[in-house]
Amino acid sequence: MNCYLCDRDMPLQVSWRSIFFNELEEVVCSRCQSGFERMAGGCPICSTPGEGKCHDCCNWENAAYGGVIDSGKSLYRYNPTMKEFLHQYKFLKDAVLSEVFATVLKEELRSQKSVIVPIPMNEKKLKERTFSQVDRLLDSASVPYTHLLGKNEVGLGGKSKSERMALQDVFWWNGNPMPEKVLLFDDLYTTGSTMRMAAKVLKEKGVKEIKVLALIRA
Amino acid sequence: MKRIEEFLTGRLWLRNFSPFPKEQVDQAISDGSVTVTPGILDGRQCARCLEKSVKKIIPFFCAACNTICYYCRHCIKMGRISSCTELITWALPSTIPPQSHSFRWNGSLTPLQERASQEVQKSLLQKNDHLVYAVCGAGKTELLFPPIYDALKNGLRVCIAAPRTDVVLELSPRLRTVFPNTIVHSLYGNSPEESGFASLVIATTHQLYRFKDAFDVMIVDEADAFPYSYDPALKRAVMKAKKKEAPIVYVSATPSDDLVKQVSNTSKIFQRFHGHPLPVPEFRSLWSYEKSFAKGKIPPKLAAWVDGKIAKGEPFLLFLPTIELIDQAIVLFQQKHPSIEAVHSKDEDRKGKVMKLRKKQIPGLLTTTILERGITIPNVQVAVVGADQPIFDAAALIQIAGRAGRSIDYPNGDVVFFHNGIVLQMDKAKKLIVSYNGGGVN
Ligand SMILES: [Zn+2]
Ligand SMILES: [Zn+2]
Ligand SMILES: [Zn+2]
Ligand SMILES: [Zn+2]
């Protein structure tokens, strides 16, 4: 097959592992793959490099959104390769690209005890984009998830950080039963406001522990 | 409405991405001046690029229409087409008044160019396809000026399709100067929006996806140039963009045997405009060069060649077969000289780096086949590493060799094919070049 990103022909790799463990097929060539940069260590919530909680997360902790997230991580840096990927996936709506991180997400979420809750899209946005990019990432990785939240139509773009921090009622509980532990999943973690607002609603409805996972840390 | 007509005549455009207010488009559709077609045709074929392979036409659950939709990956960069997207085009006969054209050019054609020019003109009048088979540096563009002017004067719409943006950017200013009163549009990925009805369109072959039954004359520059010859979708695009009866002029230095057979009217020019012969490639063995690079060492013969060029201050182009090899090699070459650079197809600064080489701000460039055409650098010295690799077929090698000796001040220049064993394609390239110099093949 051809690489999903650069369209060059890739030699078909059939290994014993792929036969016995039903591994997902790689859809990206090794050169494109090497353009993505993993994150490791760093902030215990968003993986920003450095000792302890990062500046952003500390600000959140000192505001009304303190304590709503217990821990978390981000998997990749928002480098030029990732920017291009996200552009093609979200802006050009190339839905198959959800498979690019299937193996990594499957590995990451395989033995997850918490209920996985994707950050939702509002209906209008969903109709425009024609698919939910966050759900699709999990679908491609064959990871089960539950929606607990709905989202109102609010444009976050263009608002200052303090305005973002003050935004209320972006998310609402959709009425599904609340589990004890939740892992919130989103594609892109920018300021953290989305995760914080979603986590706050869930904690108010009785969730005891909330972890967050973002594919990308901007 | 006039603007919509000018824009949509002969075009196939995404309804949701038109440059006009939605109400105007809706109005034009309801009064019948604009027609709507579905983005994916029966048989799961993209209506814009005509792709239909199952690898490129992908099903997904679509939240817009709440069912399985298909989308086309092949032309997705131009705005995604799916089953539920709509394409619009102008439906009525044209009411656009004829434009007046003028021709401002004080160059002259060599007798060979002159003859070819007249032959093209004759074919166009008779609506026959024509092949201009001319070596690199023969002055192919100039000989097209008179036939293009003739077509424009007759009220015809002319398209020049080139395989890559670089070529469109090179051709556009020349044609705009020569036809100062003509509305010329240059279309390539992310090109700025232009207004009015263009009688002359210069476009990358990809941009032709957005046209249908539009042109009375189609000129395909560098026919058989990568990626054109490898991509049947682009050939389909040429056929779709022109009107059914419209003749095609193919212009190529390396036409495929098929093309030569298929087109009966041919003009051949096997001499450069400056009259000097083409540099003939020299074969030099470079055993196990891949291993050598992998071990972090430039093979000595290659290093010596590059050192020689740097010492003499002669700009050089080094063609390599893969991006991976360039990634490995560039580090080593930069240890030799820190300002040697590498380019590949996705390099956004490609133009900038070629400019630097032309201005002698850098000694040389490592490149994939992407630079094989459309660039002229005075006194450039050319070498291919791994000329035995399949990516370098005879056509590519001839084009690469054709980079050297183009300018009248430096009609010579090195063309070295470093190889790990001579292959047929190398021999073929060399034989053809020698035969052109001897007056050509028949
Ligand atoms: Zn790739
Ligand atoms: Zn943090
Ligand atoms: Zn298409
Ligand atoms: Zn749809």
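The values are calculated or read from the model by the stated rules, or taken from the named source; none is laboratory data. Only a predicted model underlies this, so the values are computations on that prediction, with no experimental measurement involved. Positions of Cβ are generated from backbone atoms using ideal geometry, with glycine treated the same way; all protein chains shown enter the neighbour counts. The accessibility values were calculated without ligands, DNA or RNA, using every heavy atom of the protein model including side chains. Shrake-Rupley method; radii C 1.70, N 1.55, O 1.52, S 1.80 Å.
Here are some notes:
- Neighbours of B:S195 by Cβ distance under 14 Å: Lys/Arg scored +1, Asp/Glu scored -1, total -1.
- Segment B:265-411, relative contact order [Cα under 8 Å, separation at least 6], %: 28 percent
- Tensor-based shape of segment B:276-324 (alpha-carbon gyration tensor, a/c under 1.5 rounded, otherwise prolate or oblate): prolate
- Over chain B, relative contact order from alpha-carbon pairs under 8 Å, at least 6 apart, %: 14 percent
- Helix B:232-241 axis, angle to chain B major axis (alpha carbon atoms, nearest 10°): 40 degrees
- Which listed pairs, of A:K113/A:K151; B:K242/B:K351; B:K122/B:K261; B:K2/B:K153; B:K140/B:K242; B:K56/B:K235, have C-alpha distances above 27 Å, in listed order: B:K242/B:K351
- Options B:Q381, B:G352, B:F333, ranked by Cα towards positive dipole end of chain B, top entry (Cβ charges): B:F333
- Ranked from largest to smallest solvent-accessible area, with a 1.4 Å probe on the protein heavy atoms, B:M355, B:M426 come out as B:M355, B:M426.
- Listed residues B:Q126, B:Q328, B:Q389, most fluctuating in chain B (Gaussian network, C-alpha, under 10 Å): B:Q126
- Where chain B is the region considered: accessible area per residue in Å², 1.4 Å probe: 44 Å²
- Heavy-atom accessible surface of A:S30, to the nearest 10 Å², is about 100 Å², with a 1.4 Å probe and all protein chains retained.
- The accessible-area ordering, largest first, of the residues A:H55, B:H74, B:H274 stands as A:H55, B:H74, B:H274, per a 1.4 angstrom probe.
- Chain B: most fluctuating residue of B:A233, B:A138, B:A28 per GNM, C-alpha cutoff 10 Å: B:A28
- Under a 5 Å amide H cut-off, with hydrogens placed 1.01 Å from N, A:V212 pairs with A:S71, A:G72, A:K73, A:L184 among residues at least 5 apart or on other chains.
- Nearest-ten-degree value, helix B:111-125 long axis tilted from longest Cα axis of chain B: 20 degrees
- To the nearest 10, the accessible area of A:C29 is 20 Å² with a 1.4 Å probe.
- Largest accessible area first, the listed residues B:C72, A:C32 line up as A:C32, B:C72 when surface is computed with a 1.4 Å probe on the assembled protein chains.
- Virtual spin-label span in nm between B:R358 and B:V260, 7 Å along Cα→Cβ: 3.2 nm
- Measuring between alpha carbons in the structure, the pairs from B:K312/B:K430; B:K353/B:K428; B:K336/B:K359 lying more than 23 angstrom apart are B:K312/B:K430; B:K353/B:K428.
- Note on chain B: helix-only mean residue ellipticity at 222 nm, from DSSP H runs of 4+ residues weighted -39500 (n - 2.57) and normalised by residue number, equals -9500 deg cm²/dmol.
- Segment B:146-281: relative contact order as a whole-number percent, Cα under 8 Å and 6+ apart: 24 percent
- Neighbour count of at most 16 Cβ within 10 Å plus DSSP loop: longest GluC sites (Glu not before Pro)-free window in chain A: A:52-152
- Gaussian network model of chain B, springs between alpha carbon atoms under 10 Å - residue of B:A304, B:A237, B:A214 with greatest fluctuation: B:A304
- Surface share of carbon and sulfur [accessible, 1.4 angstrom probe, percent] for segment A:69-218: 50 percent
- For segment B:359-442, trypsin sites (Lys or Arg not before Pro) meeting the loop criterion (DSSP other than H, G, I, E, B) and having at most 10 other Cβ atoms within 10 Å: B:K359.
- The B and A chains share an interface that buries close to 1600 Å² of accessible area, total over both sides, probe 1.4 Å.
- Overall form of the protein assembly as shown per C-alpha gyration tensor (a/c, 1.5; a/b vs b/c): oblate
- Taking the C-alpha atoms only, the angle from helix B:165-178 to the longest principal axis of chain B is near 70 degrees.
- Projecting label points 7 angstrom from Cα along Cα→Cβ for A:S142 and A:K113 puts them 2.5 nm apart.
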